[in-house]
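What follows is a set of notes on a single structure, which appears directly below.
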2 protein chains.
Amino acid sequence: MSMEELARRVKKAALELAAVGTERKNKALARIAESLKERKEEIIRANRTDIARSEEENLPAPLVKRLKFDEGKIADVVDGIYSLIKLEDPVGKTLLATELDDGLELYKVTCPIGVIGVIFESRPDALVQIATLCLKSGNGVLLKGGSEARETNRILAEIIIGAAAEAGIPANWAALLETRADVNEMLKMDAYIDLIIPRGSNDFVRYIMDNSRIPVLGHADGICHCYVDEDADLDLALKVVVDAKTQYVAVCNATETLLVHEGIAPRFLPRLKKVLDEKKVELVGCSKTRELISVAPATEEDWRTEYLDYKLSVKVVSGLQEAIDHINTYGSGHTDSIITSSKGKAAQFMDYVDSGNVFCNCSTRFSDGFRYGFGAEVGISTGKIHTRGPVGLEGLVIYKYRLIGNGHIVEDYANRTRTFKHRKLNGEFSIEGE
Amino acid sequence: MSMEELARRVKKAALELAAVGTERKNKALARIAESLKERKEEIIRANRTDIARSEEENLPAPLVKRLKFDEGKIADVVDGIYSLIKLEDPVGKTLLATELDDGLELYKVTCPIGVIGVIFESRPDALVQIATLCLKSGNGVLLKGGSEARETNRILAEIIIGAAAEAGIPANWAALLETRADVNEMLKMDAYIDLIIPRGSNDFVRYIMDNSRIPVLGHADGICHCYVDEDADLDLALKVVVDAKTQYVAVCNATETLLVHEGIAPRFLPRLKKVLDEKKVELVGCSKTRELISVAPATEEDWRTEYLDYKLSVKVVSGLQEAIDHINTYGSGHTDSIITSSKGKAAQFMDYVDSGNVFCNCSTRFSDGFRYGFGAEVGISTGKIHTRGPVGLEGLVIYKYRLIGNGHIVEDYANRTRTFKHRKLNGEFSIEGE
């Protein structure tokens, strides 16, 4: 079957899935979780085949590590599905209800987006996570995995699609694109795919963003900053910056650049260096930084680099404005935090920094769907439309306007026989319960 | 100045405008309205120059008509600005507030998108409408008009930018791109422009959508349907269909295709034809339609055509499912209405039709921001992400997550010293008022 035909089928099934109720979707999710547990030996066997082949082909060790999908990982995705079942269905929520005139009722009601295209590199847990998030939010899904994980992806897709079918989910709501199908072909299918979610390295995500007309949900770089203001409590600043840099370095919300007010830098930087030296963090700094602590020089390139490693670039700035300008110039719109005891400066930082997540007196590492209390996370978006920051299920829905009348025509309002009343309604949308 | 330099300046000013309060923005809007009134003679003179030149250059008459910007049009845009002043500021609204843990407060607060690129054909009122909507929503704006309206656009932009500056709006928040600057160059500026709003013909909008990586808000075709169900009240159906087709034909929410249940077609179509004949509406129909009324045959192309004229294509269908399938195949996701007395069928239609606006027992012509009670309208979107249907000011904002702590670090939660509480907060975001 051609990829286009496959996509057409998923789109058709997605239109049916959009109207499936919460109970059936949750039943399907439970069936998927059980099926993953029941067939874990098969999954592990398929994954071993992928790992063995990848090692033979000399795939880099970090990629092989990401590819690994063992009993622990299976238990994690199963736990994730049980949490997802408990979350509120994002579909069918009434966002606005207005009586336009007597008997003419307008409801703005959430609905699925349609078909989500998921493109992921080696990590097979991304397949399970995103497919189940799409199911809960009523979206069809086209799954495109890396060839290095083909056996694992095949068994996972088979389990998910089979279990959902058992629970009465429309056939074809999900499809796995086999390796023969080119990513580039998928990126052109804007007639069938409404949104693409790429999961993988920065370069991979940037390639997807640069090569498709389909909207992309996600982020490439996560160049996060901490700015330590003149008015900061130094103990608090030290604690926050160390956490933001070192708590887990290989993630998008770890801090990559520290900005320090020149008035506090002579007291703060030597203390910080001592702690970061113990944690084996490499520091590079601007010329003013290097007058205060002994570190290698930072280049222009450093301000634009997401290290994802035990490395931090440091710049001494003249004040809040320079910090904001630096972040808006070199940042990636992800997460930036000010450490200050001045509420006015905190407010100014939050108003003027053009990022999805702007923090005060806490670690950039909090920028995460689970920590925000969203339950499940599709990813973190640095886009400026649709959704931004950590994205939960609400990033997978849009809305429809539903208008119910009783023979209402526009001509009556055009010729002033009638006038609009626009009264706020309080009820949820329901046509059958009228 | 290069277009890139201009765009960079607008972006910088937009970051400042994002933090400007409601009062100052409204003051600037009032100043713009007054200034347009004070300088109406200049505007009319500039517009006459454009019209004379366009007539000399043999511009098609409908384009010359759209170009006209006389005293009445000026009064209309001025009225629009006064209405806009009365609307609630879409910026700074708290959408979600959660206490993640003691003293760690998360707020999801609306903010402007950034820089909006507006591209419009001859109609100069679009320049005033969109520029003032951008100002109210705190966005910078790059305005690109057609060369046929260059004198009118120049004076309008000068008035708007000058009046806003008098009220203390950051300089460079808006800029007019002169004709030398190519539309194609603008479409490439994704580093500075966050969203494009095109205003013009379907072909024009489609060209913009097909040639930019920047998200586009709007719609190309408006192929709207009425479906008259077997259970419809025929008098009601007649009234609604006639309004949907004829109340104003040259607009996106006019109905272009009528679908009729085969069980009711023999009674409905002859009656409908009689009324539409009187209104000089040309009918084309499928073979079953032509067995019932004498009309020319409809081709496959007719189902995909937005006539924007006194013309209607008619198809007899076997029932609700065929109607839904037809709409989801040939429609443009704009507005579709079912005429039925069955609540169950109405609910099914609204669930399964994949359009931004799904109606029951009323005219498709209601699909409009003013009729919906939104006050101002940016346009109507047929997109599946960000915003859909008639778009008011809320389509010009996104949000930021603002997190306020007191030295909170992620390590405390990773090592289970602390756990998240995720308590719902009821207050609006305010850091200075704490």
Can you name every residue in the range A:370-392 that is under 16 Å from A:D336 (Cα atoms) and more than 7 Å from chain B (Cβ to nearest Cβ)?
A:I380, A:S381, A:T382, A:G383, A:P390
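Considering the range A:28-51 alone, what residues qualify as being surrounded by fewer than 20 Cβ atoms within 10 Å (Cβ to Cβ) and either over 25 Å from the mean Cα position of the chain (by Cα) or within 14 Å of another protein chain (Cβ to nearest Cβ) (or both)?
Within the range A:28-51, A:E34, A:S35, A:K37, A:E38, A:R39, A:K40, A:E41, A:E42, A:I44, A:R45, A:R48, A:T49 meet the criteria.
For the range A:157-257, give me every one of the helices (runs of 4 or more DSSP H) that falls completely inside it and has 1 or more residues that are in contact (Cβ under 8 Å) with a residue 60 or more places away in the chain and in the same structural domain as A:G117 (by TED's automatic domain parsing). Break it down stepwise before answering.
Numbers: elements: A:183-187, A:202-210, A:234-246.
Passing ranges, in order: A:183-187, A:202-210.
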Do you know which residues across the range A:361-391 are in a strand (DSSP E or B) and on the phi > 0 side of the Ramachandran plot?
A:N361, A:G379, A:G389
Among the candidates A:N211, A:N202, residue that is in contact with an Asp or Glu (Cβ under 6 Å, 6 or more places away or on another chain), of a type in the set (S, T, N, Q) and within 30 Å of B:M209 (Cα to Cα)
A:N202
If I ask for residues that are among the polar types (S, T, N, Q) and closer than 21 Å to A:L17 by Cβ, which ones from the range A:123-152 would you list?
A:Q129, A:T132, A:S137, A:N139
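Just one of A:L312, A:L283 is more than 14 Å from chain B (Cβ to nearest Cβ), modelled with pLDDT of 95 or more and buried (at least 24 other Cβ atoms within 10 Å of the Cβ); which is it?
Working: A:L283 fails: buried (at least 24 other Cβ atoms within 10 Å of the Cβ).
On inspection, the qualifying residue turns out to be A:L312.
From the list A:K27, A:K37, A:K11, A:K65, which residue is assigned by TED's automatic domain parsing to the domain that holds A:C111 and at pLDDT below 95? First the steps, then the outcome.
Numbers: A:K27 fails: at pLDDT below 95; A:K37 fails: at pLDDT below 95; A:K11 fails: at pLDDT below 95.
That would be A:K65, the only listed residue that is assigned by TED's automatic domain parsing to the domain that holds A:C111 and at pLDDT below 95.
Kindly indicate whether A:Q348 is within 19 Å of A:A237 (Cβ to Cβ), within 13 Å of chain B (Cβ to nearest Cβ) and under 32 Å from the mean Cα position of the chain (by Cα).
Working: within 19 Å of A:A237 (Cβ to Cβ): yes; within 13 Å of chain B (Cβ to nearest Cβ): yes; under 32 Å from the mean Cα position of the chain (by Cα): yes.
Taking the combined requirement at face value, the residue satisfies it.
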Selected residue (criterion: surrounded by the fewest Cβ atoms within 10 Å (Cβ to Cβ)) from residues of the range B:118-156 that are in a helix (DSSP H, G or I) and hydroxyl-bearing (S, T, Y):
B:S147
Scan the range A:329-381 for residues that are without any contact (Cβ under 8 Å) to a residue 60 or more places away in the chain, farther than 16 Å from B:L104 by Cβ and aliphatic (A, V, I, L, M) and jot them down.
A:A347, A:V353
Residue by residue through the range A:317-328, note down the ones that are surrounded by fewer than 22 Cβ atoms within 10 Å (Cβ to Cβ) and at the interface with another protein chain (Cβ under 10 Å from one of its Cβ atoms).
A:D325, A:N328
Could you check how many residues of the range B:267-296 are within 34 Å of the chain's Cα centre (by Cα), not charged (D, E, K, R) and not in a helix (DSSP H, G or I)?
5
Is the range B:392-408 home to any residue that is crowded, with 21+ Cβ neighbours inside 10 Å, assigned to a loop (DSSP other than H, G, I, E, B) and either polar (S, T, N, Q) or in contact with a strand residue (DSSP E or B) (Cβ under 9 Å, 6 or more places away or on another chain) (or both)?
no
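Return yes when A:G80 is at positive phi and surrounded by fewer than 24 Cβ atoms within 10 Å (Cβ to Cβ) and no when it is not. Outline the logic, then answer.
Numbers: at positive phi: no; surrounded by fewer than 24 Cβ atoms within 10 Å (Cβ to Cβ): yes.
In short, no.
Residues that are among the charged types (D, E, K, R) and either under 24 Å from the mean Cα position of the chain (by Cα) or not assigned by TED's automatic domain parsing to the domain that holds B:L269 (or both): does the range B:311-320 have at least one? Don't jump to the end; show me each part of the working.
The initial filter retains those residues of the range B:311-320 that are among the charged types (D, E, K, R), namely B:311, B:315.
Restricting the remaining residues to those that are either under 24 Å from the mean Cα position of the chain (by Cα) or not assigned by TED's automatic domain parsing to the domain that holds B:L269 (or both) gives none.
Scanning the range B:311-320 turns up no residue that is among the charged types (D, E, K, R) and either under 24 Å from the mean Cα position of the chain (by Cα) or not assigned by TED's automatic domain parsing to the domain that holds B:L269 (or both).
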Filtered residues of the range A:100-148 (kept if within 14 Å of another protein chain (Cβ to nearest Cβ) and aromatic (F, W, Y)):
A:Y107
Of everything in the range A:246-259 that's within 21 Å of B:I404 (Cβ to Cβ) and of a type outside the set (S, T, Y), which residue is farthest from the other protein chains (Cβ to nearest Cβ)?
A:L259
Return the pair list, or none, for Cβ contacts closer than 8 Å from residues in the range B:389-418 that are in contact (Cβ under 8 Å) with a residue 24 or more places away in the chain to residues that are charged (D, E, K, R) and assigned to a helix (DSSP H, G or I), at least 6 apart or on different chains.
B:L393/B:K136; B:R418/B:D412
Of the residues that sit in the range A:213-245 and are more than 26 Å from A:R304 (Cβ to Cβ) and among the basic types (K, R), which one is nearest to the other protein chains (Cβ to nearest Cβ)?
A:K239
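Sort out which residues of the range B:145-156 are in contact (Cβ under 8 Å) with a residue 60 or more places away in the chain and touching a strand residue (DSSP E or B) at 6+ places or on another chain (Cβ under 9 Å), and write them in order of number. Walk me through how you get there before you give the answer.
The initial filter retains those residues of the range B:145-156 that are in contact (Cβ under 8 Å) with a residue 60 or more places away in the chain, namely B:148-152, B:154-156.
Those that are in contact (Cβ under 8 Å) with a residue 60 or more places away in the chain and touching a strand residue (DSSP E or B) at 6+ places or on another chain (Cβ under 9 Å): B:A149, B:R154, B:L156.
Take the range B:189-206 and flag every residue that is within 13 Å of another protein chain (Cβ to nearest Cβ) and under 22 Å from the mean Cα position of the chain (by Cα). Reasoning before the result, please.
In the first step, residues of the range B:189-206 are kept if they are within 13 Å of another protein chain (Cβ to nearest Cβ); the result is B:190-197, B:206.
Listed by number, the residues that qualify are B:D190, B:Y192, B:I193, B:D194, B:L195, B:I196, B:I197, B:R206.
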Quick check: is even one residue across the range B:166-185 touching a Ser or Thr at 6+ places or on another chain (Cβ under 8 Å) and hydrophobic (A, V, I, L, M, F, W, C)?
no
So which residues in the range A:396-432 are facing chain B (nearest Cβ under 9 Å) and small (G, A, S), if there are any at all?
A:G405, A:G407, A:A414, A:S430
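Take the conditions modelled with pLDDT of 90 or more and in contact with a Ser or Thr (Cβ under 7 Å, 6 or more places away or on another chain) and apply them to A:D221. Does it pass? Steps first, please.
Numbers: modelled with pLDDT of 90 or more: no; in contact with a Ser or Thr (Cβ under 7 Å, 6 or more places away or on another chain): yes.
Spelling it out, it is not the case that A:D221 is modelled with pLDDT of 90 or more and in contact with a Ser or Thr (Cβ under 7 Å, 6 or more places away or on another chain).
Just to be sure, is A:T257 under 34 Å from the mean Cα position of the chain (by Cα) and not hydrophobic (A, V, I, L, M, F, W, C)?
Values: under 34 Å from the mean Cα position of the chain (by Cα): yes; not hydrophobic (A, V, I, L, M, F, W, C): yes.
For A:T257, the condition - under 34 Å from the mean Cα position of the chain (by Cα) and not hydrophobic (A, V, I, L, M, F, W, C) - is met.
The values are calculated or read from the model by the stated rules, or taken from the named source; none is laboratory data. Because the structure is predicted, anything quoted here is derived from the model rather than measured. Reconstructed Cβ throughout: ideal geometry from the backbone, glycine too, with neighbour counts over all protein chains shown.
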